[in-house]
1. If you take just the helices (runs of 4 or more DSSP H) that sit entirely in region 96-201, which of them hold at least 3 residues that are modelled with pLDDT of 85 or more, within 15 Å of the chain's Cα centre (by Cα) and crowded, with 17+ Cβ neighbours inside 10 Å?
2. Failed condition for Thr59, given (1) under 14 Å from the mean Cα position of the chain (by Cα); (2) at pLDDT 85 or above, with all others met?
3. Say we look at region 18-34 and pick out the residues that are free of Cβ contacts under 8 Å to residues at least 24 places away in the same chain and of a type in the set (S, T, N, Q); which of these is surrounded by the fewest Cβ atoms within 10 Å (Cβ to Cβ)?
4. Would you be able to say whether some residue in region 31-46 is closer than 21 Å to Met1 by Cα and aliphatic (A, V, I, L, M)?
5. Which one of Leu6, Leu52, Leu37, Leu15 is crowded, with 19+ Cβ neighbours inside 10 Å and more than 28 Å from Ile129 (Cβ to Cβ)?
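The values are calculated or read from the model by the stated rules, or taken from the named source; none is laboratory data. Please read these numbers as outputs of a predicted model, since none were measured by experiment. Neighbour counts are summed over all protein chains in view; Cβ atoms, including those assigned to glycine, are modelled from backbone coordinates with ideal geometry.
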Amino acid sequence: MDEPALIHSAQRGDLDSFNTLVLHYQDALFNTALRILGDDELAADATQEAFLSAFKNLTSYRGGSFKAWLLRTVTNACYDELRRQKRRPTTPLEPDTSDGDEMDSPRWLADQNLSPEQKAEADELEHAIQHCLENLPLEFRTVVVMADIQGLDYTEVASTVRVPLGTIKSRLARARLRLRECLQDFWELLPAAFRLEKERI
């Protein structure tokens with residue numbers, strides 16, 4: 001995907017180019033919204049609102065990480081939703097089925113190559129991570145989602161949530177410490193890439 005060319009075309013009003021960008025980033029935005037809001041339908045609405053806002057304001061994009069720019073848009077949509085609710089999210093971060101039952105394995109985590117034992121471990125790990133994320137303050141949860149789930153660097157996270165770099169580092173350090181403490185009972189399930197190294201804290 002030639003992202004710069006697609007962005008340039010989309011900025012000139014080419015809807016097909018913008019739709020290509022949407023298809024490339026929609027999962028990242030939806031998963032970010034889901035982690036923040038904790039509700040499948042609200043996350044879908046926030047993602048749609050974010051892309052609409054992005055298309056309307058695409059001329060304001062001046063370069064840098066386009067992913068970070070989009071994640072800022074969806075984060076703002078999530079915060080708007082939380083302000084409308086006038087409460088912190090209290091629903092489980094695991095999505096529900098159409099019958100209202102908790103879904104054991106969210107569709108975006110499905111891996112057809114997992115053995116039954118690996119799938120059970122992956123499900124248990126996902127529940128543990130979701131539980132611990134849910135108990136983080138919103139500002140901590142947001143930076144962890146950006147840095148440790150979406151893979152943005154500290155500078156991109158700071159740009160996305162519009163707070164100083166030092167604040168990002170502080171929030172991440174405190175959030176990771178809380179996650180480590182919360183996940184201690186599940187430590188053996190954590191993949192090496194997720195384990196929090198001391199030098200990152």
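1. Result: 138-144, 154-161.
2. Among (1) under 14 Å from the mean Cα position of the chain (by Cα); (2) at pLDDT 85 or above, Thr59 violates only (1).
3. My answer is Asn19.
4. no
5. Result of the check over Leu6, Leu52, Leu37, Leu15: Leu6.
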